[in-house]
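See below for the structure under consideration.
The values are calculated or read from the model by the stated rules, or taken from the named source; none is laboratory data. On a predicted model such as this, the values are computed, not experimentally measured, just so you know. Note that each Cβ is placed from the backbone with ideal geometry, even for glycine, and that neighbours are counted across all protein chains shown.
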Amino acid sequence: MVIQSWSQAARRLMYCAAACIAIAVMSPSAKAAFHLWAINEIYSNSSGSLQFIELTDTFGGQNFVGGLNLQAFNTDGTQNHLFTLPNTTLPGSTLNHSLLFGTAGLQAAGGPTPDYIIPDGFLYTPGGFISFFGLNSNAYTGLPSDGIHSLLFPTGPVTVNSPRNYAGQTGTVPAPASLVLAAGGGWLALRRRRSA
């Protein structure tokens with residue numbers, strides 16, 4: 001009886017050790033995934049020629065985004081735009097990094113270089129739904145169209161846009177000098193109207 005109990009205990013100990021080794025071997029691949037990215041901010045100007053979607057990772061180990069899809073739908077789901085990420089793995093740690101999906105003119109307008117180029121008009125400005133590989137696929141409300149403000153996903157608040165790419169570069173669209181000129185032009189128009 002004592003021998004049998006000892007052999008059962010030894011067998012259980014071996015099973016536990018084997019399970020621990022298996023978990024340790026599988027842990028790096030389990031941590032290095034893609035599903036913990038979250039949409040943080042979305043932006044469009046009135047024409048849709050400048051747009052961005054910023055994703056963030058607050059967990060780390062989310063390197064395997066290659067070949068995955070990002071899809072935008074209109075509000076009733078009858079139209080959609082699809083973007084498939086190139087089949088590459090993100091370098092280094094993804095912890096506290098952003099992925100920036102932006103239209104081709106985003107950098108020239110004052111934003112950082114997008115990590116991925118999406119076509120103009122990818123987002124539906126009256127509102128829609130974003131489906132992707134991460135945490136928070138969701139419907140979003142209408143996007144501000146003044147060219148300055150963005151929407152913190154999915155329903156606000158509205159804030160001055162501040163896109164950030166994977167390298168940590170940030171910016172504002174349009175560039176701050178353009179914002180000052182636009183504000184000054186608005187002030188002059190208001191002053192002329194009052195004097196008239």
Tell me yes or no: at least one residue of region 45-56 is more than 21 Å from GLY105 (Cα to Cα), modelled with pLDDT of 95 or more and not aromatic (Phe, Trp, Tyr).
yes
Any chance region 49-60 includes a residue that's under 20 Å from SER162 (Cβ atoms), in contact (Cβ under 8 Å) with a residue 40 or more places away in the chain and in a loop (DSSP other than H, G, I, E, B)?
yes
With respect to GLY92, is the statement that it is at pLDDT 95 or above, surrounded by 12 or more Cβ atoms within 10 Å (Cβ to Cβ) and on the phi > 0 side of the Ramachandran plot true?
no
Considering SER27, SER7, which residue is farther than 25 Å from PHE122 by Cβ and modelled with pLDDT of 55 or more?
SER7
Given the conditions (1) without any contact (Cβ under 8 Å) to a residue 60 or more places away in the chain; (2) among the hydrophobic types (A, V, I, L, M, F, W, C); (3) crowded, with 18+ Cβ neighbours inside 10 Å, report the number of the one that LEU70 does not fulfil.
(1)
Scan region 102-134 for residues that are in a strand (DSSP E or B), among the small types (Gly, Ala, Ser) and surrounded by fewer than 19 Cβ atoms within 10 Å (Cβ to Cβ) and jot them down.
SER131
Please enumerate the residues belonging to region 157-180 that are in a loop (DSSP other than H, G, I, E, B) and among the polar types (S, T, N, Q).
ASN161, SER162, ASN165, GLN169, THR172
Residue check for PRO154: of a type outside the set (Lys, Arg), under 21 Å from SER47 (Cβ atoms) and either part of a loop (DSSP other than H, G, I, E, B) or modelled with pLDDT of 95 or more (or both):
no
